[in-house]
Amino acid sequence: MSTAIAVINAGSSSVKFSVFVESGADLRLQVRGQIEGLFTAPHFVARGADDTVVGEKSWGEGQRLGHDGALDFLIEFLRQRSGGATLAGVGHRVVHGGMEYAQPVRVDARVLGALEKYVPLAPLHQPHNLAPIRRLLERSPDLPQVACFDTAFHRSNAELVQMFGLPYAMFEQGVRRYGFHGLSYEYVASVLPQHSPRAATGRTIVLHLGNGASMCAMQGCRSVASSMGFTAVEGLMMGTRTGSLDPGVVLYLMDQRGMDARAIEKLLYHQSGLLGISGISSDMRTLLESREPRASLAIDLYCYRIRRELGSLAAVLGGLDALVFTAGIGENSAAIRARVLDDAAWLGVERDAAANDAGGPRLTRPTSRVLGLALPTNEELMIATHTRNVIRAR
Ligand code: ADP
């Protein structure tokens, strides 16, 4: 009988899932989907590997399914659709593994308790990531569950890289740069050797440009530094997040505008970035199609912030061998890639216009000193792979 691994990625208002079946040494996607609007108007859709809809349900306006209800529904859906495969385990995306977790971990009640301690470090994500784990521990205590962390890949960063210029005691207490999008970077690192031995062994900067956006400097496929810090709001400007901001602005908003922590959080995470500048949308496609001056201003700032951060990470690496684009914007937008590649000409990047327009994977000319690549990320497959490996290792 074949075995299956389910992957759960639970956010504040949605639960995304996918199921992989073991096929020899590989894991093959069988079904994926999501339940959105958990507290408003829940809607479920599932698609097969060929993208055809294999399940759909709406609960109607004003219904509250919540995380527990969503998980119960999903487990029942997966049971009915298992096609004879046994569920060997469930892998979860968990944003924060703190200082402790540099690897995926099998979760029991003790580990769940440890992960709950990181809720204050990521209050917008961690509680939602943990909700399905808790539910499954209650429902199916014998079903192996594995937590895979967005921070883990960056635990290879040197201590110095993780430090802020705050009093040292705060560093020891965990106020440090953790870095995020680690599962995406780890996946890209895992396929890099197939595309370029030089990128895999050398100095490579990976740009994860999705709704959230960050960059990771790698040396030999290990994270050396990243643009995100204590929280996922630092670094590049994003769809609705500011990116790096003078902390003096926060003090000003508190003192002079009377804003409290919640109001500032809303501003920094949800009302800024591409949306805040353009006043139109957080969606790059919409802005690229718009003729409004503030849409192009938002794109200009987006690219300028990448240019600055790229220079900073290239300096950390002491040079650059490869530049890799991934996630929604990085994989799909030839226009944004073209601007970033041309801004990096000073580092020895020579864009190949036709190759970039065609979507890669190679984006630069054969003569280019720095190799440019566009590679699709696959965080779900990374989680499924980790989950299988952790279960097997026991
Ligand atoms: P998430 O971080 O939520 O996983 P994605 O990685 O899917 O998000 O990235 C979403 C972003 O990718 C959006 O800004 C969207 O506009 C952008 N995007 C997707 N396709 C394109 C495209 N063809 N051109 C430009 N931007 C695109």
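The values are calculated or read from the model by the stated rules, or taken from the named source; none is laboratory data. Please read all numbers here as calculations on a predicted model, not as lab measurements. With ideal geometry, Cβ positions are generated from the backbone for all residues, glycine too; neighbour counts draw on all protein chains shown. Side chains included, ligands, DNA and RNA excluded: accessible areas come from the protein's heavy atoms. Shrake-Rupley method; radii C 1.70, N 1.55, O 1.52, S 1.80 Å.
Need pairs with beta-carbon distance below 6 Å; first residue closer than 17 Å to V7 by Cα and within segment 91-105, second of a type in the set (D, E, K, R) and at pLDDT 95 or above; sequence gap 6+ or separate chains.
The qualifying pairs are V95/D150.
Would you check which residues across segment 198-215 are of a type in the set (A, V, I, L, M, F, W, C), in contact with a strand residue (DSSP E or B) (Cβ under 7 Å, 6 or more places away or on another chain) and either away from the ligand (no atom under 15 Å from the Cβ) or part of a loop (DSSP other than H, G, I, E, B) (or both) and list them? Please lay out each step first, then the result.
Start the filter on segment 198-215 by keeping residues that are of a type in the set (A, V, I, L, M, F, W, C), which leaves 199-200, 205-207, 209, 213, 215.
Next, only the ones that are in contact with a strand residue (DSSP E or B) (Cβ under 7 Å, 6 or more places away or on another chain) stay: 199, 205-207, 209, 215.
Selection gives A199, I205.
Has segment 127-144 got any residue that is buried (at least 18 other Cβ atoms within 10 Å of the Cβ), aliphatic (A, V, I, L, M) and in contact with a Cys (Cβ under 9 Å, 6 or more places away or on another chain)?
no
Only one of L87, L78, L65 is under 30 Å from L121 (Cα atoms), modelled with pLDDT under 95 and not small (G, A, S); which?
L65
Select from segment 180-219 the residues that are open to solvent by 50 Å² or more (accessible area, probe 1.4 Å), farther than 24 Å from R241 by Cα and touching a helix residue (DSSP H, G or I) at 6+ places or on another chain (Cβ under 8 Å) and list them in ascending order.
Selection gives S190, P193, R203, Q219.
Can you name every residue in segment 33-59 that is over 24 Å from the mean Cα position of the chain (by Cα) and over 19 Å from S82 (Cβ atoms)?
Scanning segment 33-59 gives T40, A41, S58, W59.
Kindly indicate the residue of segment 319-344 that is among the aliphatic types (A, V, I, L, M) and within 10 Å of the ligand (Cβ to nearest atom) and also nearest to P197 (Cα to Cα) among those meeting that condition.
A327
Do we have F153 as of a type in the set (F, W, Y), on the phi < 0 side of the Ramachandran plot and touching a helix residue (DSSP H, G or I) at 6+ places or on another chain (Cβ under 6 Å) here?
Numbers: of a type in the set (F, W, Y): yes; on the phi < 0 side of the Ramachandran plot: yes; touching a helix residue (DSSP H, G or I) at 6+ places or on another chain (Cβ under 6 Å): yes.
So F153 passes the test.
Kindly list, by first and then second residue, each pair from a residue in segment 324-335 that is within 14 Å of M238 (Cβ to Cβ) to a residue that is more than 6 Å from the ligand (Cβ to nearest atom) and assigned to a helix (DSSP H, G or I), limited to pairs with Cβ atoms under 8 Å and residues at least 6 apart or on different chains.
As it stands, the answer is A327/S184; I329/I336; G330/I336; G330/R337, since those pairs meet every condition given.
Could you look through segment 128-175, keep only residues that are part of a helix (DSSP H, G or I) and among the aromatic types (F, W, Y), and pick out the one that is nearest to the chain's Cα centre (by Cα)?
F153
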